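**Q** Got a structure for you, written out below as structure tokens; questions coming shortly.
The values are calculated or read from the model by the stated rules, or taken from the named source; none is laboratory data. Everything numeric in this text was worked out from a predicted model, so none of it was measured. With ideal geometry, Cβ positions are generated from the backbone for all residues, glycine too; neighbour counts draw on all protein chains shown.
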């Protein structure tokens, strides 16, 4: 699982095996150890929210995906889940969760677990 945060946007990409694990357990979690603190980021299935949502508590960024939306996403060719959520003070948080495709350009990153890229060129 990869996370990208820029301004008021959070983007998570997941591999094929992570989608399978998310389906089975309802949660994915990664940690980055900075020595004196750990940043955790998670993708969580939820029956509480009607739309994707996110929070940041105890050094953990959690993106919540409503279970019905999650089921459609994992069981189909749907690539992403997108939502802009109101966070108050006339601000929104953009949430994007995507299936991670194999890159078409050259990279040293292991992509053996990525989804096949439907494009032939970038």
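**Q** Can you report the number of residues in the range 12-52 which are outside any helix (DSSP H, G or I), under 11 Å from the mean Cα position of the chain (by Cα) and at pLDDT below 95?
**A** Count: 3.
**Q** Does residue 72 fit the bill of being part of a helix (DSSP H, G or I) and either modelled with pLDDT under 95 or out of contact with any helix residue (DSSP H, G or I) (no Cβ under 9 Å at 6 or more places or on another chain) (or both)?
**A** Against the criterion (part of a helix (DSSP H, G or I) and either modelled with pLDDT under 95 or out of contact with any helix residue (DSSP H, G or I) (no Cβ under 9 Å at 6 or more places or on another chain) (or both)), residue 72 qualifies.
**Q** Same structure again: Which residue pairs have Cβ atoms closer than 8 Å, lie 6 or more positions apart in sequence or on different chains, and pair a first residue in the range 69-89 that is at negative phi and free of Cβ contacts under 8 Å to residues at least 24 places away in the same chain with a second residue that is exposed (fewer than 13 other Cβ atoms within 10 Å of the Cβ) and outside any loop (DSSP other than H, G, I, E, B)?
**A** 78/72
**Q** Here is a further query. May I ask you to list the residues in the range 79-106 that are assigned to a loop (DSSP other than H, G, I, E, B), within 23 Å of residue 17 (Cβ to Cβ) and either in contact with a helix residue (DSSP H, G or I) (Cβ under 8 Å, 6 or more places away or on another chain) or at pLDDT 60 or above (or both)?
**A** Scanning the range 79-106 gives 79, 100.
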